[in-house]
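Participant: Have a look at this one.
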Amino acid sequence: MQTVVPKRKRGSMTITGAIQGYNKHFFQYHGIKIATDLSPRISSSLDLLLVDDVKLAPDSVSIFNHPSNKVVPVDNGALTLTVHDLCLEMPRPARAVIYISGVEVIEVKMVDKVQLYNVIRADVRVLDSSGEPLAASVFPLMNLTPHPATGIISVRPDPKLAADPYTVRYEVKGDALGHTTLSFQASAKSGETISSLPMNVQVFPPLKLSPRNITLIIGEVFQVVAIGGPQPLADIVYSIGNSDIATIDNSGLIEAVAVGDTVVTGVAQTEDPESRATITCSQDQVFVYVVRLTGVKIHAPLNRIQTGAKMPLYVMGVNEHQTPFTFGHAIPGLTFHWSLGNKDVIDLQPVYKENGVTLSEDDAYAMRVRALNQGQTNVGLRVKWSPRSYDQVEVGATLTDTAHLHVFEKLRLMVPETDGSLLLMSPKSVGQIRTNRDGACKVVYELITCPEEGSVVAVDSQGRVTAGSATGQANIKVTAMEESGLKQTIIVLVKVKPVSYITVNSETDVASVGNKLSVIPVGMTITLRVSFHDNVGEEFHATSAVLKKRPNRFDLTQISRGPENGTFVLKAAHVGHTILKVWDEGNPRIADYVPIPVGYAISPALATVSRGDIICLSTQLKLKEGSLAKWETSDQRVVQVVGTTGLALATNPGTTTINYRLSTTQATHTEVTVVPVDEVQILTNGVKFVTNVPQQEPYLVPVVLGTGATNVQGNCSKDLLASMTEQQAFLQKSLFHCGLLFSSEVTEVSAREMFLATPGFDPESGQYFCRVSQVQQNTHQVQAMSTVETSLQLQIFVQAADGQPEVSSSIASLRFYPAFHLGKADLVLSNKQTRGEVTVSGVLDVLNNLQVIPSDSSILQIGSPRVADSTYTSVVYPISLQDTQSPWKRDMTDIYLTLTCSLTGQVVKVPVNLIAETVEQVPTVTYNPREGVPTWGVLIRAILENYEFWILLVLTAIAICAATFIKGAAAAVPRGPVGVIDISMELVPCHSWFRVVPAQPTEQSVPTPVSHRSSTSSIQLRISWLSTLPLGIAIPDHGHLPPEQNTTMEHRL
């Protein structure tokens, strides 16, 4: 037996079974003898037909409840149809659900925009109550029909097949521009009409890109404009055929990159409301040609003009497609250099000369000619380019041209001699004639014509003149009839001529100081007035022309029509360069080009300053009538500005707009960005040291907030900085605060008890500072600080605020020199006490620069100073009387010592009080060798009279004996190495004091005798010392006794 497994394929198959032979082993086993070969062979076949299981397709169907169906519905509902295959064994029967339903919902899927004369598709489905779609074949049974609200669209079935059996497709064609709605209706079995939701449909004009042909040189930009398309304007997606030749951004701004030609495509896209997919509504293409300049031409509308006329000149390329749009503002740019053959005949001016704006040579491709006097002249042009512009100009090309102009004298009517006697009009225009007597008396206007000739104009009773389509001239007589019977008559000549050219002129009430502006200030408004001229340059009084305008880009300026005919209002909205073209719609060849460079007129422009910076805003703008302008800021928290002077203070981090408002309609602006202070600099170069010696002026330590060199921005004068308002000055002081501290921690007096540090601003130097002023001190504080070696440490702190983190400066050390202190305030000397001392305490640098001067050097003598202690902070000045007799014989009321420190400027006067004491007269004993040896009484009296010397002599002997004894005792005891100290004592002049410098110890133990030298040399003392012997032995000084005493002492000895 064999098992057959089908391979899931349909079709017919035959299965054949055959016996090939017998099993001979079986016969042998059972002992059966039989032939094993079969002849003929035994076989049998079976035919099979392989089929699929029974299926119902579709397994779900919705049948419209209508009597014309093959299956006649009885009522709405659902039933299940089951099919059993009686020939096969099936695991489960086939089933299908049949829905009997009516119309419930009509779905319409379509975009809501269609281009004029184009077709879009609308897909319609009908759903039953259970949301199942009905077959499209039953749509005629329900009378499904489209219903547009208006006739601007037409709807018909699409002959092409639908997307599926449940959908029917219609074609919607736009027949006229406008908006409408489209809905579909169907009838139910009950007779009820079911309608779909109305679909909005907009029929829009085709998208057009303008201009059709664009010619540029490398580096030039031009913006295409999209006209038509869905409204409101859908997203226009621009693309370019070859980005190596030119590039285009999302706004349609084209930039030429390399020589060649390419195509720009603009696609208007919208979104499908159902699928949210992007759909292309309309598209258009324009051609871009990137060329090299091979030559230039001066475009002059006329070569003959009359005196007083004004005419534009601008540069063109070799053909009419190469306009100033082609090369006017290419980067790198071309420069245009004009020359005049005879400056007495014409004047060549920039476009904005009357506004005080002098354009640079980059923008000089358009100029204005004013005819001055009769004559002929040549206007020359030379275009130069930089080495970087090598691919903008053809190799070997010479960009020069010359225009010949002829100026003739204007023909004036002598009777009457008035400019108002001529009225120049263009065909089909309307003009007006009026006199100063209109309204005051009866005025009659009449046309003077020849009977055989027709008139080219007509005039009514109000002086309204209407020109026909023909050209020519006519005379109009104006008669004023006064009430007194007096008649006055004037003749007005009316000329009807075609327009030869137009000129765009600028008008504004703003001017610049010195005419130094090279751009139009951003934010300013300028009126552009277009004047029409005939073939001799005469300006028209009335025209019928319709002006059109077009800039090369739309994102930098706002140009709208002015309140008067032939005027445009130009608003300089953003910084950049724009080229404006104005032309006559009826005659596009009559055109004029105007450069519009927009820039900043406020200095500094787009400044980035640090918090606390002072900004001196300035501008060259002014009103012609001299109105008072005003400075304003959009955010007072960021920058505070004085409205009249422009002095501004950056108070908090942020960005604000500074406006300079000249009037209610004229203003310009710039932006100022304030960044937080991230560093504080202390400039101590100007302050060498501080002292507590009373001073008239405080110490000003300059401070810079931020990393810059100064906190003043712009052109600031001292008077302007001094005009800071009280609020600004208060804010300046709150920007930071100053902290003081002594570097030494052992001081008894703190820095705050001696100095006060406050912030401030100096308008003279234009710097912030810390004012370090002295605090009144008492005698104890002065004495306590007089010997302290320390420095005054200054640190600046910027407090945290909105957008400003807390910042502190590095510590700046200021050398502190304290005032010296006197041990006593006065000095008392007498004829008995002829010597005294003045002790001065102070630091080393102060004492080194100290000078003591007597008021009378014939009375007082200042000895050499000496150190009073081992800390070298006190010095003693010996004071002695030079004359002990004469001082009491004269007025001694003004004897004093002046102590002056040249370092700190401290000056102290010490009064010296001289007292005369009674002296007992002792008879003088004179020793005469011839009279023999004096008696003991005489010797004792001599000892008593000089007891000081004898006491010193005895003490010296005792000291010598003691030293000898110590030396002998020490020789018997073992001891360590004995060193020798070299002490150098330098005697300096009276304004200084000596310094004791220990020398290096040596191994010698033998002392060197003391050698006495002059007062200007050094005294070297070599003293033997043991390792345990302390220093600081006092050496009496007798080298400064008065000479007379020394002499007396020697005689008495």
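Bear in mind that the values in this text are calculations on the coordinates, not laboratory data. Because the structure is a prediction, the values reported are computed rather than measured. No Cβ is skipped: glycine too gets one built from the backbone with ideal geometry, and neighbour counts run over all protein chains shown.
Participant: Which FRET efficiency value, to the nearest 0.05, do you get for H84 and S45 by plugging their Cβ-Cβ distance into 1/(1 + (r/R0)^6) with R0 = 35 Å? Kindly include the intermediate steps, with their values, before the conclusion.
Facilitator: Numbers: r = 30 Å, r/R0 = 0.86.
Efficiency for this residue pair is about 0.70.
Participant: Turning to a different aspect of this structure: Quick check: residue separation of E632 and E482 times 0.36 nm, minus the Cα distance between them. What number comes out in nm?
Facilitator: On the way: separation 150, 0.36 × 150 = 54.00 nm, distance 5.72 nm.
Contour length minus the Cα-Cα distance gives 48.3 nm.
Participant: Do you know the relative contact order of the range 11-50, to the nearest whole percent, from alpha carbon pairs under 8 angstrom that are 6+ apart?
Facilitator: Details: 46 pairs, mean separation 26.0, N = 40.
Relative contact order for the range 11-50 comes out at 65 percent.
Participant: Further question: Any idea how far the Cα center of the range 90-166 sits from the one of the range 269-321, in Å?
Facilitator: Centre-to-centre (Cα) distance: 49 Å.
Participant: Using alpha-carbon pairs under 8 Å, 6+ residues apart, how would you state the relative contact order of the range 105-204 in percent? Intermediate values should be presented prior to the final figure.
Facilitator: Numbers: 232 pairs, mean separation 36.2, N = 100.
About 36 percent, as a whole number.
Participant: Still on this model: Which far-off residues, 5 or more places away or on another chain, put their amide H under 5 Å from the one on V499, with H placed in the peptide plane?
Facilitator: Amide H neighbours of V499, under 5 Å, 5+ apart: none.
Participant: Normalising by the residue count of the range 602-675, find the relative contact order in percent from Cα pairs under 8 Å and 6+ residues apart. Working shown, then result.
Facilitator: Numbers: 163 pairs, mean separation 27.7, N = 74.
Value for the range 602-675: 37 percent.
Participant: Moving on to the next point. Quick one: H147, H541, fewest Cβ neighbours within 10 Å first, how do they rank?
Facilitator: Details: H147 13, H541 19.
Starting with the residue having the fewest Cβ neighbours, the order is H147, H541.
Participant: Between Q793 and residues 5 or more places away or on another chain, which pairs have amide H atoms under 5 Å apart, with H built 1.01 Å from N, and which residues are they?
Facilitator: Close amide H contacts, sequence-distant or interchain: L741, F742, S743, L814.
Participant: Under a crude label model (7 Å from the Cα following the beta-carbon direction), how far is I940 from Q882 in nanometres?
Facilitator: 4.1 nm
Participant: Here's something else I'd like to know. Amide H of L56 versus every other amide H placed in the peptide plane: which residues, excluding those fewer than 5 positions away on the same chain, fall under 5 Å?
Facilitator: Those lying under 5 Å, H to H, from L56 are R95.
Participant: Still on this structure, please answer the following. Full-extension gain between T779 and S830, please, as 0.36 nm times their residue separation minus the C-alpha to C-alpha distance.
Facilitator: The span from T779 to S830 would gain 15.5 nm if fully extended.
Participant: Take the residue pairs K160/K189; K310/K343; K428/K495; K516/K630; K353/K622 and return only those whose Cα atoms are more than 19 Å apart.
Facilitator: Numbers: K160/K189 29 Å; K310/K343 15 Å; K428/K495 12 Å; K516/K630 21 Å; K353/K622 15 Å.
Violating the 19 Å Cα-Cα cut-off are K160/K189; K516/K630.
Participant: Taking the Cα centre of each part, how many Å lie between the range 485-532 and the range 222-257?
Facilitator: 36 Å
Participant: Same structure again: Assuming 0.36 nm per residue, please report the length gained on full extension of the stretch Q793 to Y872 beyond their Cα-Cα distance. Intermediate values should be presented prior to the final figure.
Facilitator: On the way: separation 79, 0.36 × 79 = 28.44 nm, distance 2.48 nm.
Fully extending the segment from Q793 to Y872 adds 26.0 nm.
Participant: Could you derive backbone 3J(HN,Hα) for the range 567-584 from the dihedral phi with the Karplus parameters 6.51, -1.76 and 1.60 (θ = phi - 60°), listing whole Hz in sequence and x where the residue is Gly or Pro?
Facilitator: 10, 10, 9, 9, 10, 7, 7, 9, 6, x, 10, 10, 10, 10, 10, 10, 8, 7
Participant: Can you work out ³J(HN,Hα) from phi for every residue in the range 50-58, in order, using Karplus 6.51 cos²θ - 1.76 cosθ + 1.60 and θ = phi - 60°, giving whole Hz and x for Gly and Pro?
Facilitator: Computed from phi, the couplings for the range 50-58 are 8, 10, 7, 5, 5, 9, 10, 10, x Hz.
Participant: What FRET efficiency comes out for Q696 versus V225 if R0 is 51 angstrom and r is the Cβ-Cβ distance? Round to the nearest 0.05. Show your work: numbers first, answer last.
Facilitator: Values: r = 74 Å, r/R0 = 1.46.
Result of the calculation: an efficiency of 0.10.
Participant: Give, as ranges by residue number, the residues of the range 785-801 whose backbone N falls under 17 Å from the point 7 Å along Cα→Cβ of S765.
Facilitator: Answer for the range 785-801: 794-796.
Participant: Using 1/(1 + (r/R0)^6) with R0 = 35 angstrom and r between the beta carbons of S137 and S190, what's the FRET efficiency to the nearest 0.05?
Facilitator: Values: r = 21 Å, r/R0 = 0.61.
Approximately 0.95, to the nearest 0.05.
Participant: What nm value, rounded to one decimal, do you get for the distance between T449 and I958 when each label is placed 7 Å out toward the C-beta?
Facilitator: Modelled inter-label distance: 15.4 nm.
Participant: For the pair A18 and N475, how long in nm is the line joining their label points, each one 7 Å along Cα→Cβ?
Facilitator: 13.5 nm
Participant: Go through the range 640-650 residue by residue and turn each phi into a ³J(HN,Hα) via Karplus (6.51, -1.76, 1.60, θ = phi - 60°); whole Hz please, and just put x for glycine and proline.
Facilitator: Result, rounded to whole Hz: 9, 10, 7, x, 8, 10, x, 7, 10, 10, 7.
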